[in-house]
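Colleague: Before I ask anything, let me first share the structure, which is written out below as structure tokens.
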Amino acid sequence: LKQILIDADTGIDDSIAILFALKRPDVRVMGVTTGFGNTTARQAAENSLRLIRLAGAPYEVPVAVGATEPLAGNWKGPDPHIHGPNGIGGVELPPSPQQPLEEPAWAFIARMAREHPGELTLVTLARMTNLAKALEIEPDLPRLLKRVVFMGGTFHAPGNVSPVAEANIAGDPEAADRVFQAGFDLTMVGLDVTQKVRLTTDHVAILDKYAAPENRPIVDYLKQALPFYFRFNRLQNNCLDHCPVHDPLAMLAAVDPSVVTVRTIPARVECGGSLPGMVVADLREHPIEAPGVSICVDVDSRRALEELLTTFMA
């Protein structure tokens, strides 16, 4: 049984990743922490609580609210044209009776790592601010966590917020660089692979046709939320009724690493200059002294989509 902590800025693609993890029989979601990005940290927590209720999780999943701004500088606020006014396409899910923890996200991450040493995989789907702050209070975190898998960055593919930077890393490059240098068993699921996996309206129709009865509320939610995301990708990226699978692929790579091909390379994150958030991988014969990052360079896109979608099917 894989024990997973999820750190998210719970938008539309985050929600698919969270629901996927909650419905996998080989996964136990040990908690969800939230930060700023697709929406506010507080709204992301509310979205997460409602998604946990929607999934009918048979065990308690604690939710902790985290960072509201990057380590350096200010956050300009969410982009509601991408994920909607509430982060999940404007869909109003039934409220949950569960409340977020009083404990901040970074303290919760550190505490859970201490209580379950060597057992937890942390999957980050947002800025790495919460993880960087957890490192401040628990420097031994790289040894205590089994693995960190993050959605973010790009190696060869074009960036999505600058020519060379992806939004999660660019949103707090200082936090990301601290994580890169800390010595985690670190896997980067970036735009090189997430852009190769495309969810289409046809996939949604197949999911609707074969949904397991207990997952009907989940599929009905996806049918409401995904058109908002499809619309953004059509207007922004000329995508005709399809969208890249960013956060769900990171979750899938954490659960089943065989769907991706990785290359381990020393890397840092550019924090200054005109291109903050660029992942700088050192390909020289004698590279910089930096921990290696397992960078995903290829993906079995057909198998990834089938494994993702059939999790919700009968």
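Colleague: Looking only at the range 186-209, which residues are in contact with a Ser or Thr (Cβ under 8 Å, 6 or more places away or on another chain) and either in a helix (DSSP H, G or I) or open to solvent by 10 Å² or more (accessible area, probe 1.4 Å) (or both)?
Modeller: The answer is LEU191, ASP192, LYS196, ARG198.
Colleague: What number of residues in the range 54-68 are buried (at least 24 other Cβ atoms within 10 Å of the Cβ) and in contact with a Phe, Trp or Tyr (Cβ under 7 Å, 6 or more places away or on another chain)?
Modeller: Total satisfying the criteria: 3.
Colleague: List the helices (runs of 4 or more DSSP H) inside the range 18-132, counting only whole elements, that have at least 1 residues being closer than 29 Å to GLN181 by Cβ.
Modeller: 41-55, 105-115
Colleague: In the range 227-269, how many residues are in contact (Cβ under 8 Å) with a residue 60 or more places away in the chain, open to solvent by less than 10 Å² (accessible area, probe 1.4 Å) and over 24 Å from MET128 (Cβ atoms)?
Modeller: 0
Colleague: Let me ask something additional. Please verify whether the range 137-155 includes one or more residues that are among the acidic types (Asp, Glu), touching a helix residue (DSSP H, G or I) at 6+ places or on another chain (Cβ under 8 Å) and either under 25 Å from GLY272 (Cα atoms) or not in a loop (DSSP other than H, G, I, E, B) (or both). Write out each step before concluding.
Modeller: From the range 137-155, those among the acidic types (Asp, Glu) are 138, 140; that's our starting set.
Adding the requirement that they be touching a helix residue (DSSP H, G or I) at 6+ places or on another chain (Cβ under 8 Å) leaves 138.
Next, from what is left, pick out any that are either under 25 Å from GLY272 (Cα atoms) or not in a loop (DSSP other than H, G, I, E, B) (or both): none.
No, that holds for no residue.
Colleague: Pairs under 6 Å by beta carbon, first residue of a type in the set (A, V, I, L, M, F, W, C) in the range 41-68, partner open to solvent by 50 Å² or more (accessible area, probe 1.4 Å) and assigned to a helix (DSSP H, G or I), six or more apart or different chains?
Modeller: Qualifying pairs under 6 Å: LEU54/PRO217; VAL65/ARG42.
Colleague: Have a look at LEU93, LEU71, LEU51 and point out the one that is open to solvent by less than 50 Å² (accessible area, probe 1.4 Å) and either under 29 Å from LEU144 (Cβ atoms) or touching an Asp or Glu at 6+ places or on another chain (Cβ under 6 Å) (or both).
Modeller: Among LEU93, LEU71, LEU51, only LEU51 is open to solvent by less than 50 Å² (accessible area, probe 1.4 Å) and either under 29 Å from LEU144 (Cβ atoms) or touching an Asp or Glu at 6+ places or on another chain (Cβ under 6 Å) (or both).
Colleague: When only residues in the range 270-287 that are touching a residue at least 40 places away in the same chain (Cβ under 8 Å) and assigned to a strand (DSSP E or B) count, which is farthest from the chain's Cα centre (by Cα)?
Modeller: Among them, the one singled out is ALA281.
Colleague: Condition first: small (Gly, Ala, Ser) and closer than 15 Å to ALA132 by Cα. Now tell me which residues in the range 99-119 satisfy that.
Modeller: Applying the first criterion (small (Gly, Ala, Ser)) to the range 99-119 yields 105, 107, 110, 113, 118.
Once the filter is applied, which keeps residues that are small (Gly, Ala, Ser) and closer than 15 Å to ALA132 by Cα, the range 99-119 yields ALA105, ALA107, ALA110, ALA113.
Colleague: Please specify each residue of the range 1-44 satisfying the condition of being within 17 Å of ALA250 (Cβ to Cβ) and of a type in the set (Val, Ile, Thr).
Modeller: ILE4, ILE6, THR10, ILE12, ILE16, ILE18, VAL27, VAL29, VAL32, THR33, THR34
Colleague: Which pairs turn up if I take residues in the range 1-27 that are farther than 18 Å from ALA105 by Cβ and modelled with pLDDT of 95 or more and look for partners that are among the aromatic types (Phe, Trp, Tyr) and part of a loop (DSSP other than H, G, I, E, B) with beta carbon separation below 9 Å, at least 6 apart in sequence or on another chain?
Modeller: LEU19/PHE312; PHE20/PHE312; LYS23/PHE312
The values are calculated or read from the model by the stated rules, or taken from the named source; none is laboratory data. Keep in mind the model is a prediction, meaning the values are calculated, not measured. A quick note on method: Cβ atoms are made from the backbone with ideal geometry, for glycine too, and the neighbour counts reach across all protein chains shown. These accessible areas exclude ligands, DNA and RNA; they are computed on the full protein's heavy atoms, side chains included. Shrake-Rupley method; radii C 1.70, N 1.55, O 1.52, S 1.80 Å.
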